[in-house]
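Bear in mind that the values in this text are calculations on the coordinates, not laboratory data. The model shown is predicted, which means the values in this text are computed figures rather than measured ones. Neighbour counts run over all protein chains shown; Cβ positions are idealised from the backbone, glycine included.
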Amino acid sequence: MSPTHGISLLVVEDDPSIGDPLVEALVHEGFTVQWVTSGTEALSAPLADLILLDLGLPDLDGREVCRRLRDRSPVPIIVLTARDDELERVLLLESGADDYVLKPFGFRELVARIRAVHRRSVGGGGPSAEPGGATAPPPRDEAGLLVDGRSRRVLLDGRELDLAPKEFDLLAMLASEPGRAIPRAAIIEKVWDENWWGPTKTLDVHIAALRRKLGEPGWITTLRGVGYRLDPPPGCGAPTVIEAS
Ligand code: CA
């Protein structure tokens, strides 16, 4: 069975000269593909395991579509964009995209990114979780931070935090070694692709989002020129981290 077998994709692309060959190649690769050509259709389409989203759509702004898809579910989103500038990329990731591919893109590169993003999204919670991945509910009564890699849920004092996939991976990595400085390069290598070529500012954007969601900026200490360190605030014990498997 091919590694792509059974992965369902929603392709949102209005240009048939891109969509036609792309969908054909994806189907040939073993993906199950649904193709829509507008933002409105994307927002009403059934959930897939992963969404490929063209930003230049005829009816709605692509970033708005991205945000609304993200509000609806944690399904991973890879954006297809012709614009290559840092601000655009940061805005995209803030809109909830998990990754992006620049047009024109190579098909092999796209498939590699789909596989990488999908791999990171499974192993718990998501819509594509394997039935065998069912897990017991995490312990609830404990104060402090609980990062549950099995269900990909995070509880802070019993309250569940709504984290984007990359934010979860980032927090899980920092929380697994509280009090220890984690170099930026190590974070980028683990949380993003090892061949990540994007702006390292992306990391700072995700850290800022995590601090906001943790509600207390002191949780994550910036070590200038080095990286980041998770420091549980006073009175909040060491985080509990449950590995994914
Ligand atoms: Ca387009």
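What is the dipole size for the chain, taken about its Cα centre, with +1 at each Lys and Arg Cβ and -1 at each Asp and Glu Cβ, in debye to the nearest 20?
780 debye
When ranked by the protection proxy of mean other Cβ atoms within 10 Å per residue, highest first, what sequence do the peptides 203-210, 221-228 form?
Result, highest mean Cβ count within 10 Å first: 203-210, 221-228.
As I understand it, the value is the acute angle between the Cα axis of helix 16-28 and the longest principal axis of the Cα atoms of the chain; what does it come to in degrees, rounded to 10?
Around 70 degrees separate the two axes.
What does the extension gain come out to for residue 17 and residue 160, with contour length at 0.36 nm per residue minus their alpha carbon separation?
47.1 nm
Taking amide hydrogens as modeled 1.01 Å from N in the peptide plane, which residues meet the under 5 Å criterion relative to residue 227, leaving out close sequence neighbours?
Amide H neighbours of residue 227, under 5 Å, 5+ apart: 184.
Taking square-rooted eigenvalues a ≥ b ≥ c of the alpha carbon gyration tensor, is the stretch 8-123 rounded, prolate or oblate, where a/c under 1.5 means rounded and, failing that, a/b exceeding b/c means prolate?
Verdict is rounded for the stretch 8-123.
For the stretch 145-242, what does the relative contact order come out to in percent, with C-alpha contacts under 8 Å and a separation of six or more?
Result for the stretch 145-242 is 39 percent.
What residues qualify as long-range amide H neighbours of residue 101, i.e. H under 5 Å apart, gap of 5 or more or another chain, H built at 1.01 Å from N?
When sequence neighbours closer than 5 places are left aside, the close amide H contacts are 79, 80, 81.
I need to check one value: relative contact order of the chain, counting alpha carbon pairs closer than 8 Å and at least 6 residues apart, in percent.
15 percent
Set the Förster distance to 51 Å, then compute FRET efficiency between residue 190 and residue 44 from the Cβ-Cβ distance, nearest 0.05.
The formula returns an efficiency of 0.90 here.
Can you tell me the length gained on complete extension of the stretch residue 119 to residue 82, counting 0.36 nm per residue apart and subtracting the Cα distance?
Full extension from residue 119 to residue 82 adds 10.8 nm.
Have a look at 12, 35, 225 and report the one farthest towards the positive end of the charge dipole of the chain, computed about the Cα centre with Cβ charges (Lys/Arg +1, Asp/Glu -1).
The residue sitting farthest along the positive end of the dipole is 225.
Grab the DSSP H runs of the chain that are 4 residues or longer, score each as -39,500 (n - 2.57), total them, divide by all residues and round the 222 nm result to the nearest 500 deg cm²/dmol.
For the chain, the value works out to -11000 deg cm²/dmol.
Using a 7 Å offset from the Cα along the Cα-to-Cβ direction at both residue 204 and residue 27, what is the distance between the two label points in nm, to one decimal?
Inter-label distance under the simple model: 4.6 nm.
Using DSSP, restrict attention to beta bridges with both residues in the stretch 8-123 and report what percent are antiparallel, rounded to the nearest 5.
5 percent
Could you pull out every one of the lysines with an alpha carbon less than 29 Å from that of residue 103, ignoring same-chain neighbours closer than 8 positions?
Counting by Cα, and skipping residues close in sequence, residue 103 has these lysines nearby: 166, 190, 201.
Viscosity 1.567 mPa s, temperature 4 °C: what is the translational diffusion coefficient of the chain from Stokes-Einstein with a Kirkwood Rh over Cα pairs, rounded to a whole number of µm²/s?
69 µm²/s
Charges at C-beta only: +1 for Lys and Arg, -1 for Asp and Glu. How large is the resulting dipole of the stretch 145-242 about its Cα centre, in Debye rounded to 20?
Rounded to the nearest 20 debye, it is 140 debye.
Hey, what did the stretch 8-123 get for relative contact order, percent, Cα under 8 Å, at least 6 apart?
23 percent.
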